[in-house]
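Presented below is the structure to which this report refers.
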Amino acid sequence: MPRFSQSPTDDGFIQNPYPFYDRMRAAGDLVWWDDYALPCATTHAAVHALLRDRRFGREVPPEHAAPTPAHCAAFYAIETHSMLELEPPRHTRLRGLVLRAFTSRRIKALAPEIDALCHRLIDDFPVGDFDLLDAYCRPVPVIVICRLLGVPASMAPQLLRWSAAMVAMYQARRDRAVEDAANAAARDFADFLRGYVEQRRRTPADDLITDLIAAEEDGARLSTDELIATCVLLLNAGHEATVHSLGNGVKALLEHGVTPTEADAADVTDEILRFDPPLHMFTRYAYEEVELFGHRFARGDQFALLLGAAARDPALRADPAAFDPSRAVSNHVAFGGGLHFCVGAPLARLEMQVALPILFARCPGLRLAEAPRYADLFHFHGLERLIVQA
Ligand code: HEM
């Protein structure tokens, strides 16, 4: 298998990982990345196929599971009940419960609220240079996911802090300080939700937490630990990637002189997600011996799926390094595929389709006030800040 070396925390790679992906992809469907010591799927065809192949999955086979370090106990207490880390049958049960509450009716009904929220945020834009991530790209998804679950929007800043500390566990810069901070955040987040769920139990509402509590009270369907883990997952996954997608999207639109409108918002959104996706890498384990793409996987072998490399595969779209919403494709893998396909994809698309046209219509003079830089967050791919003038 062709071998490649590249530190994922190197600034050149963080600012533009695509030339490295191009070299890997040109070498084959599966290549070896030394810095991770993992085989990586690089092409759209390989990533697409491996996401859907049930001989692989996210949950580590039990005989390969490493013991949980004591200083990360609170973090892994949530992870062990998170659908994202599980395979059937537990994954099927947890995902089914969320999907039942996460109806398209409930998502669509959010459109007028997202619209009003965007206008309110723009009304408050400061004069002069300001960070659009703080003023718009962060508050939109975090306030929307709070509303959907039924958590007060005043909790948004606290949720952002807990979430940022927890998702750092999946980033290449992980070290002991990151682990301690993630564990403290997981403990405080779970404590908050336990208290909040008790309160909601007494005063039910038309929100997702109330629906999940009903499933929990049924006992057989959802344990209290699963309820807490599901809320943490939805609150974290429900904003992290969307914040980066909005930020990367505004950057791409301004740099390419494209103005999104309501009419082309769906194509613009999918082209942003294909052109500069916010999540670049996920891993899987093999559950049996399999020979694929010229490589023999043994049970327990781990490998990576490079969503960021698949996005710019010329087989998916001609001239993949060009940003061109008029030739958008919706079959990209920015939302994954197969069993773990993003539960929030319709919500994320709706948020982007509402937020981007409103921003450009209300701020026709919007321009970059400094060259945006990506943050050291791999496998996430999002900006440090986005300083603009409106
Ligand atoms: C543009 C924004 C978003 C992107 C690019 C994105 C991307 C992804 C991807 C790639 C996965 C699959 C990971 C894997 O296969 O290993 C995933 C899973 C998931 N996402 Fe999203 N996501 C976004 C927004 C959201 C939102 C708004 C929610 C809100 C509820 C959400 C909730 C979830 C959940 C719960 C899972 C786990 C599904 C499962 O394990 O079955 N995501 N997302």
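Just so you know, all these numbers are worked out from the coordinates, no wet-lab data involved. From a predicted model like this one, the values you see are computed outputs, not experimental measurements. Virtual Cβ from ideal backbone geometry, glycine too; neighbours counted across all protein chains shown.
Filter segment 112-145 for residues that are part of a helix (DSSP H, G or I) and either among the acidic types (D, E) or over 19 Å from L160 (Cβ atoms) (or both) and give the result.
Initial filter on segment 112-145 (part of a helix (DSSP H, G or I)): 112-123, 132-137, 139-145.
Across segment 112-145, the qualifying residues are P112, E113, D115, A116, H119, I122, D123, D134.
Are any of the residues in segment 262-272 away from the ligand (no atom under 16 Å from the Cβ), touching a Leu at 6+ places or on another chain (Cβ under 9 Å) and over 28 Å from E85 (Cα atoms)? Write out each step before concluding.
Taking segment 262-272 and keeping what is away from the ligand (no atom under 16 Å from the Cβ), we get 262-264.
Still in the list and also touching a Leu at 6+ places or on another chain (Cβ under 9 Å): none.
Checked against the condition, which is being away from the ligand (no atom under 16 Å from the Cβ), touching a Leu at 6+ places or on another chain (Cβ under 9 Å) and over 28 Å from E85 (Cα atoms), segment 262-272 yields no hits at all.
Cβ-Cβ under 6 Å, sequence separation 6+ or interchain: first residue in segment 58-74 and closer than 25 Å to G337 by Cβ, partner assigned to a loop (DSSP other than H, G, I, E, B) and of a type outside the set (S, T, N, Q). Which pairs?
Filtered contacts from segment 58-74: E59/L86; E59/E87; P61/G300; H64/G300.
For A229, work out the one condition from (1) more than 10 Å from the ligand (Cβ to nearest atom); (2) among the aliphatic types (A, V, I, L, M); (3) farther than 30 Å from E216 by Cα it doesn't fulfil.
Single failed check for A229: (3).
Per-residue answers, yes or no, for (1) under 23 Å from I14 (Cα atoms); (2) within 15 Å of the chain's Cα centre (by Cα); (3) surrounded by 21 or more Cβ atoms within 10 Å (Cβ to Cβ):
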{"position": "G247", "(1), (2), (3)": "yes, yes, yes"}
{"position": "A252", "(1), (2), (3)": "yes, no, no"}
{"position": "T259", "(1), (2), (3)": "no, no, no"}
{"position": "A266", "(1), (2), (3)": "no, no, no"}
{"position": "Y285", "(1), (2), (3)": "no, no, no"}
{"position": "V290", "(1), (2), (3)": "no, no, no"}
{"position": "D301", "(1), (2), (3)": "no, no, no"}
{"position": "A309", "(1), (2), (3)": "yes, no, yes"}
{"position": "D313", "(1), (2), (3)": "yes, no, yes"}
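Which residues, counting only those in segment 322-362, are within 14 Å of the ligand (Cβ to nearest atom) and among the acidic types (D, E)?
E351
Does any residue of segment 146-163 turn out to be of a type in the set (G, A, S) and outside any helix (DSSP H, G or I)? Don't jump to the end; show me each part of the working.
From segment 146-163, those of a type in the set (G, A, S) are 150, 153-154, 156, 163; that's our starting set.
Filter once more, so that each one left must be outside any helix (DSSP H, G or I): 150.
Yes, that holds for at least one residue.
Within segment 324-335, count every residue that is surrounded by fewer than 18 Cβ atoms within 10 Å (Cβ to Cβ) and either of a type in the set (D, E, K, R) or in a loop (DSSP other than H, G, I, E, B) (or both). Step through it out loud before you land on a result.
Restricting attention to segment 324-335, the residues satisfying the condition of being surrounded by fewer than 18 Cβ atoms within 10 Å (Cβ to Cβ) are 324, 326-327, 329-331.
When the remaining residues are screened for being either of a type in the set (D, E, K, R) or in a loop (DSSP other than H, G, I, E, B) (or both), the result is 324, 327, 329-331.
Looking only at that region, the number is 5.
Please count how many residues of segment 2-22 are more than 16 Å from P39 (Cβ to Cβ) and loosely packed, with under 15 Cβ neighbours inside 10 Å.
Residues in segment 2-22 being more than 16 Å from P39 (Cβ to Cβ) and loosely packed, with under 15 Cβ neighbours inside 10 Å: 7 in total.
Please find, within segment 61-111, the residue that is surrounded by the most Cβ atoms within 10 Å (Cβ to Cβ) out of those that are part of a loop (DSSP other than H, G, I, E, B) and away from the ligand (no atom under 16 Å from the Cβ).
Restricting attention to segment 61-111, the residues satisfying the condition of being part of a loop (DSSP other than H, G, I, E, B) are 61, 65-69, 80-82, 86-89, 102-103, 109-110.
Restricting the remaining residues to those that are away from the ligand (no atom under 16 Å from the Cβ) gives 61, 65-69.
Values: P61: 15, A65: 10, A66: 6, P67: 6, T68: 13, P69: 12.
So the residue we want is P61.
How do the pairs read when you match residues in segment 133-152 that are on the phi > 0 side of the Ramachandran plot with residues anywhere that are more than 11 Å from the ligand (Cβ to nearest atom), using Cβ under 9 Å and keeping only pairs 6 or more apart or on different chains?
Short answer, once both residue conditions are applied: G150/Y196; G150/R200; G150/A205; G150/D206; G150/D207; G150/I209; G150/T210.
Consider F378 carefully, then state whether it is more than 14 Å from the ligand (Cβ to nearest atom), on the phi < 0 side of the Ramachandran plot and of a type in the set (F, W, Y).
Numbers: more than 14 Å from the ligand (Cβ to nearest atom): yes; on the phi < 0 side of the Ramachandran plot: yes; of a type in the set (F, W, Y): yes.
Considered against the rule, which asks whether it is more than 14 Å from the ligand (Cβ to nearest atom), on the phi < 0 side of the Ramachandran plot and of a type in the set (F, W, Y), F378 comes out as yes.
Under 8 Å between Cβ atoms, at least 6 apart or on separate chains: pull out the pairs that start in segment 220-232 with a residue that is touching a residue at least 24 places away in the same chain (Cβ under 8 Å) and end on any residue that is among the aromatic types (F, W, Y).
V232/F189
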